[in-house]
Every structure is written in C-alpha cells, then in structure tokens.
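FYI, it's all coordinate maths here, none of it is from the lab. This one's a predicted model, so the numbers in the text were calculated from it and none came from an experiment. All Cβ positions, even for glycine, are placed from backbone atoms using ideal geometry, and neighbour counts span all protein chains on display.
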C-alpha cells in the first residue's frame, strides 16, 4: 500500500468515527455511561435469572434481621413481638454476669473453632496439592470422586458410621476383645471428643472443599513450571515459589470468610453426640441457643446469644480483612 492510499484509509476511518460520535463530543471520545434503567433493561435476562436467589437472600437474610429485636424483649410466642415486654439489655446481662453454662458453651466453641481453623482449613489445600501432583488423570479423577462422596452424607449417617467403627460395640473394639485386649470407647470418651468431631469434619468435607483449590491450581500458568524446571527447581521449590503464591489470594479470602462463620461449629453434628459425652464438652453456642430457646422457652436470651455471635463474626471479618490489606493482599473487599 502506498503512502497516499494509507493516508486515504486513515481519513476514511476518522470520518466514520466522526459520523458515529455523538454531537457535542470530540471524535473518538468515550460514550457516556447508560442510565441505570437502560442498563437494567439491557441485562434483563441476567436479572431474571438472579431474581430467585435475590429473593431468598432478602427474605431469609435481610428481613430476618428484624427478629433481633427479640434479644431486647422477654419474648413470648403467644404474645408476639408487638406485645412482649421490653427488658432492654437484661438478656445480655444474664449472659455476661457469669452464667456457667454460657461460659462453658463459649469455651467449647472457641476450642473447636481453633481446632477447625488450624487442622480442618489447611486439609483441602494439602489434598489439592497432592491431587495436583498426580500424573495420571484417570487416577486423579477416581480419587476425587471417592473423596467427594462423604460430603453428600447427612451428619446422622456420618455419626452412625463413626459409632460403628469407634463405638463401644464397634469394629475396632470387637477386634480388641477378640484378641484379649482392653477395648477403647472413643465415642463415649469426653477427653477424645474434640479430636473425634475434628476428624469427622475432615473426613466429611475435605474432599468437597478441594474443588475450588483444584480450580485455582488449574489456572496457574504452566510455563512458570517449565521455566523453573529448566533452571533446576525441584518439585518442592516449585510448590513454594509458584503454586502457593498462585493460591494465596483465594486462601486468604476463604480464611477471612471462615472467620466470619467460625463461631458456628456444627449444630447437627454436636447435638447428635451430646448424649454420649454430656454437655460439659459438647455444649456450644448453637446448642446453647437451642436449649435456651426451643427447650427452655427463654427466647430473649437465645436471641441475645445469636446477636452477640453475629456481631463477633462481623468484627472478625472486618479485622481479618484489614490485616490482609496491611500485608498487601486484596482480602474480601476494598474499603
């Protein structure tokens, strides 16, 4: 193409841009953003798809926040919220005046939260790294399928399986008795309860939690591994300098979200096993709320516990997100 032809082509392109540009604007200037109602009409199909999920969140999350008013009342179901007696902060004073049952539930909740944060949270990360290192895709898919299955079992079945294996009349104790050894009832041993429920959570949910981490690993640029292999990097050094930094943003985000829900340690799992070990080690905030509200009829105290737990979870999320920003990470949101 000659210089004259090239100049003519550029002139025609500029002319088209000038013709398509809105009046009063310079040629090539960006168009102003559409009004919100135009954007909604344009994205109406997507909004219709999101409408059911939005309705569920609004009804069961935002509207339910109004129920926190019960925490400031001597709530009676037959009177309703409007006619129940207002007691102010009396329900909160009952909790923080040294109620031994509440303090025991708080202690157990914090212990279980610590164990699940230290032991349960890293488990899917380690498992994802191990699965990612498998060479055979067929073996990897088979192992993944086997590890996913426990997630779809209810806690009733999970507890029953552990009782059949570790209970007083379980498989292990039957084996010990058959060989003249002393049986060990792990299910009914309060000293082993924290380890028992932690192992149950790991067995049930670790496989399912690896899905997200495997997706993150699949998105890491393979050329980084190839370049490091050329430089003589071992598998361990590749994991430390390439894999873990690539996973770090999602790990931090999930850790922050888990801290927000860390005081909810598994109501169904624990209440199914309270009769075996007693309330001393199995009573947590969730079961305390159930016993106070549903069983005891102290709805105001139960609502106060739930409100305190929600506020603490919010504070943990805000603090953890701020700490993540201090270390240069994105966190969950940017203030």
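Descriptive notes on the structure:
- Scaled against 2.2 N^0.38 Å for its residue count N, the alpha carbon radius of gyration of the stretch 33-88 is 1.87.
- Full-extension gain in nm, residue 250 to residue 157, via 0.36 nm per residue minus C-alpha separation: 30.3 nm
- Compared with the dominant principal axis of the Cα atoms in the chain, helix 137-148 is inclined by about 40°.
- Using alpha-carbon coordinates, inclination of helix 44-57 to the longest axis of the chain, degrees: 20 degrees
- Once the Cα atoms are used to define both axes, helix 155-166 deviates from the longest principal axis of the chain by about 60 degrees.
- The convex hull defined by the C-alpha atoms of the stretch 61-205 has an orientation-averaged projected area of 14.9 nm².
- Cα-Cα separations in the stretch 161-252 greater than 20 Å, expressed as whole percent: 60 percent
- Distance between the modelled labels on residue 199 and residue 114, one decimal in nanometres: 2.1 nm (7 Å Cα→Cβ projection).
- Least to most buried among 132, 241 (fewest other Cβ within 10 Å first): 241, 132
- The chain: relative contact order as a whole-number percent, Cα under 8 Å and 6+ apart: 22 percent
- Shape analysis of the chain yields a ratio of the Cα radius of gyration to the Kirkwood radius, Rg/Rh, of 1.12.
- Order of 275, 286 under a 10 Å beta carbon neighbour criterion, fewest first: 275, 286
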